[in-house]
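Here is the structure we will look at, set down as structure tokens.
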């Protein structure tokens, strides 16, 4: 991630203390002692106001309950501070969901009350994540792994742009941080710790690093096997939270698990009608002269510049479409039925016949087919993704946002 905030010392601890990086706490370089491995590091997902117990989602993806008592000491790093010496004393009532915490190891482990809880406030995390997003936009690359050189610890990755496909050679120093998408989630914030050995040919990867021509020296790699399919629901199992879908492209049957991260949405009839009208308007506009079309584009650009939105739209390509799709009404598996047209984006760690959904969208069959064509990049130079967000219609792996 580049910049590291170092915690200098903990007066109450006799063990090594990890560093804090971009709102995340990591073990120190140069080896990890047994005591450091036992530190609990993660994000608070729930608090018990009666007992003070905290539920923490660890960086490894597990959920852990942290016990406390009247002797537990709470300290918070204020936004902008880098040293634990500047941490302020707080109470357990000040710990909130979304805070990042370090719970130092104790002799009794998780069976006893924590001696100390160090908190990084949500505001500090938000500021770090904003910096991180900008860094990814400036130095990030997305692509598909086409070969792996385990001996040299290198990857060959195919990336696509408006100019077409190109190949990047990715160098992987020992300091690279590896993460892998969690089942059914394409959000980098949900990704779990991983290793070089977990990367496979065919994986989608996000690479942060310094590029020199066709070579990238990686600092962080997020990988995963991304599944995208559209088809028709053939069966539903509400008890198991699974649907069986016949893939339109391959004709094969796919079992789709709807886990905790899955979002189900339906395209309302009025939304589908608006999309049809928009498409008809574009086709009608195509019959007009190039001069008229160019004038309309110029006027739109001028309006966007006046509103101060032009640069933001360039940086966040597809965000307007994303917001539109994210506003679709949510549904449950009980509202699906056999014969529904669906488009699904998710992860697949075992085989192509089993997918864990991140997003399932159902609705008008014609609109679903259009989304499928966008997904495959039909009619677009260089077979580009349509800029749709990850987890909505399979458009790439999304912005590196929390």
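A short reminder: the numbers here are calculations on the coordinates, not readings from a lab. Predicted model only: the values in this text are computed from it and were never measured. For neighbour counting, all protein chains shown are included, and Cβ atoms are generated from backbone atoms with ideal geometry for every residue, glycine included.
Between residue 349 and residue 189, what FRET efficiency comes out of the Förster formula 1/(1 + (r/R0)^6) with R0 = 22 Å and r the beta carbon distance, rounded to 0.05?
Working from the Cβ atoms, E equals 0.70.
Which distance in nm do the two modelled labels at residue 260 and residue 200 give, with both placed 7 Å along the Cα-to-Cβ direction?
Simple spin-label model gives 2.4 nm for this pair.
Full extension from residue 171 to residue 130: what is 0.36 nm times the residue separation minus their Cα-Cα distance, to one decimal in nm?
That pair, residue 171 and residue 130, stretches by 12.1 nm at full extension.
Let me know the shape class of segment 109-257, please: from the alpha-carbon gyration tensor, a ≥ b ≥ c as square roots of the eigenvalues, rounded when a/c is under 1.5, otherwise prolate if a/b is greater than b/c, or oblate.
The shape class here is oblate.
Taking every pair of Cα atoms in segment 180-223, average 1/r, invert it to obtain the Kirkwood radius, and report Rg/Rh to two decimals.
With Rg and the Kirkwood Rh in hand, the quotient comes to 0.99.
Report the gain in length on full extension from residue 273 to residue 48: 0.36 nm times residue separation, minus Cα-Cα distance, nm rounded to one decimal.
76.3 nm
Classify segment 324-368 as rounded, prolate or oblate, taking a ≥ b ≥ c as the square roots of the eigenvalues of its Cα gyration tensor: rounded when a/c is under 1.5, otherwise prolate if a/b is larger than b/c and oblate if not.
Since a/c reaches 1.5 and a/b is larger than b/c, the shape of segment 324-368 is classed as prolate.
Based on C-alpha coordinates, I'd like the Rg and Dmax of segment 136-224, in Å.
Using the Cα atoms of segment 136-224, the pair Rg, Dmax is 12.1, 34 Å.
Could you give me the percent of Cα pairs per 10 Å distance bin for segment 42-198, shortest bin first, beginning at zero and ending with the bin that holds the maximum distance?
Histogram of Cα-Cα distances, whole percents per bin: 9, 29, 29, 19, 11, 3, 0.
Between residue 139 and residue 158, what is the label-to-label distance in nm when each label sits 7 Å out along the Cα-to-Cβ direction?
That separation, rounded to one decimal, is 2.8 nm.
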